[in-house]
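Novice: Structure below; questions to follow.
The values are calculated or read from the model by the stated rules, or taken from the named source; none is laboratory data. None of the values given here were measured: they were computed from a predicted structure. Ideal geometry is used to build each Cβ from the backbone, glycine not excepted, and the neighbour counts take in all protein chains shown. Protein only, heavy atoms only, side chains kept; ligands, DNA and RNA dropped before computing areas. Shrake-Rupley method; radii C 1.70, N 1.55, O 1.52, S 1.80 Å.
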Amino acid sequence: MPADKPDTPNAVLSAALRLIRADRRMRTADVARDMNMALRSYEHFESGAGRINLERIHRFAEVTDSDPHAILASLALGSPEFALRCVDNKLATILVVVLQEFDEEIGDGIAELDARTIINTFTKAMRDLASQSVRRDSLAEAWLEERRHRLVTPSRDDGDANG
């Protein structure tokens, strides 16, 4: 693993919490207060010291309006950036909700599913999602390019005070 990548679950957790807190433009004191924790206890938690605490991760996610399941998934993925990438769209929580509904609907039939079918289905679904992201970006760029010419552009003389 590269030296700049966190190499333990605690290090990943610490990096994910810091990334999210910074993205939300919150100070440690703000998060500690909103989580009803002493500042030192919160700093200990954010540093990744001690045992990983699921309840605190969920409270942190609530306070920062982030995705607790993405934070937990980031530990398994070794990617604190995954937690940040899901902060607004709540991808991991959506996946867990869909899995919960699937479990309720299919129940014991889940055990009968073929691993290859599961892999192919999820791989296709992820590729489709990636395609949507790329297509959305392309559409946004095309929209902007089509309209950019209507903006007033300052002439070179406008910025020259010495005229």
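Novice: Give the residues of region 32-51 that are modelled with pLDDT under 95 and either over 18 Å from residue 84 (Cα atoms) or not in a loop (DSSP other than H, G, I, E, B) (or both), sorted by residue number. Spell out how you get there, then give the answer.
Specialist: Going residue by residue through region 32-51, those that are modelled with pLDDT under 95 are 48-51.
49, 50, 51 - these are the residues of region 32-51 that are modelled with pLDDT under 95 and either over 18 Å from residue 84 (Cα atoms) or not in a loop (DSSP other than H, G, I, E, B) (or both).
Novice: Also, quick follow-up: Any idea which of (1) more than 20 Å from residue 129 (Cα to Cα); (2) open to solvent by less than 60 Å² (accessible area, probe 1.4 Å); (3) at pLDDT 95 or above is the one residue 86 doesn't satisfy?
Specialist: All conditions are met except number (1).
Novice: If you don't mind, there's one more thing I want to ask. Does region 112-131 hold any residues that are of a type in the set (Gly, Ala, Ser) and either at pLDDT 90 or above or within 18 Å of residue 86 (Cβ to Cβ) (or both), and which are they?
Specialist: Our first condition is that a residue be of a type in the set (Gly, Ala, Ser); within region 112-131, this holds for 115, 125, 130-131.
Within region 112-131, 115, 125, 130 meet the criteria.
Novice: I'd like the full set of residues that are assigned to a loop (DSSP other than H, G, I, E, B), closer than 17 Å to residue 28 by Cβ and open to solvent by less than 20 Å² (accessible area, probe 1.4 Å), limited to region 53-70.
Specialist: Within region 53-70, just 66 meets the criteria.
Novice: Test residue 29 against the criterion of being open to solvent by 20 Å² or more (accessible area, probe 1.4 Å), assigned to a helix (DSSP H, G or I), among the small types (Gly, Ala, Ser) and at pLDDT 95 or above, and give yes or no. Step through it out loud before you land on a result.
Specialist: Working: open to solvent by 20 Å² or more (accessible area, probe 1.4 Å): yes; assigned to a helix (DSSP H, G or I): yes; among the small types (Gly, Ala, Ser): yes; at pLDDT 95 or above: yes.
It is true that residue 29 is open to solvent by 20 Å² or more (accessible area, probe 1.4 Å), assigned to a helix (DSSP H, G or I), among the small types (Gly, Ala, Ser) and at pLDDT 95 or above.
Novice: Looking at 152, 134 in this structure, which one is within 30 Å of residue 69 (Cα to Cα), modelled with pLDDT under 75 and of a type in the set (A, V, I, L, M, F, W, C)?
Specialist: Working: 152 fails: within 30 Å of residue 69 (Cα to Cα).
Exactly one of 152, 134 is within 30 Å of residue 69 (Cα to Cα), modelled with pLDDT under 75 and of a type in the set (A, V, I, L, M, F, W, C), namely 134.
Novice: Could you count how many residues in region 97-120 are surrounded by 11 or more Cβ atoms within 10 Å (Cβ to Cβ) and not in a helix (DSSP H, G or I)?
Specialist: Adding up the residues that qualify gives 1.
Novice: Within 28 Å of residue 129 (Cα to Cα), touching a residue at least 60 places away in the same chain (Cβ under 8 Å), buried (at least 19 other Cβ atoms within 10 Å of the Cβ) and not β-branched (Val, Ile, Thr): does that describe residue 9? Walk me through it before giving the result.
Specialist: Details: within 28 Å of residue 129 (Cα to Cα): yes; touching a residue at least 60 places away in the same chain (Cβ under 8 Å): yes; buried (at least 19 other Cβ atoms within 10 Å of the Cβ): no; not β-branched (Val, Ile, Thr): yes.
Against the criterion (within 28 Å of residue 129 (Cα to Cα), touching a residue at least 60 places away in the same chain (Cβ under 8 Å), buried (at least 19 other Cβ atoms within 10 Å of the Cβ) and not β-branched (Val, Ile, Thr)), residue 9 does not qualify.
Per-residue answers, yes or no, for (1) open to solvent by 10 Å² or more (accessible area, probe 1.4 Å); (2) over 29 Å from residue 129 (Cα atoms):
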{"residue": "13", "(1), (2)": "no, no"}
{"residue": "19", "(1), (2)": "yes, no"}
{"residue": "25", "(1), (2)": "yes, no"}
{"residue": "34", "(1), (2)": "yes, yes"}
{"residue": "39", "(1), (2)": "yes, yes"}
{"residue": "51", "(1), (2)": "yes, yes"}
{"residue": "72", "(1), (2)": "yes, no"}
{"residue": "81", "(1), (2)": "yes, no"}
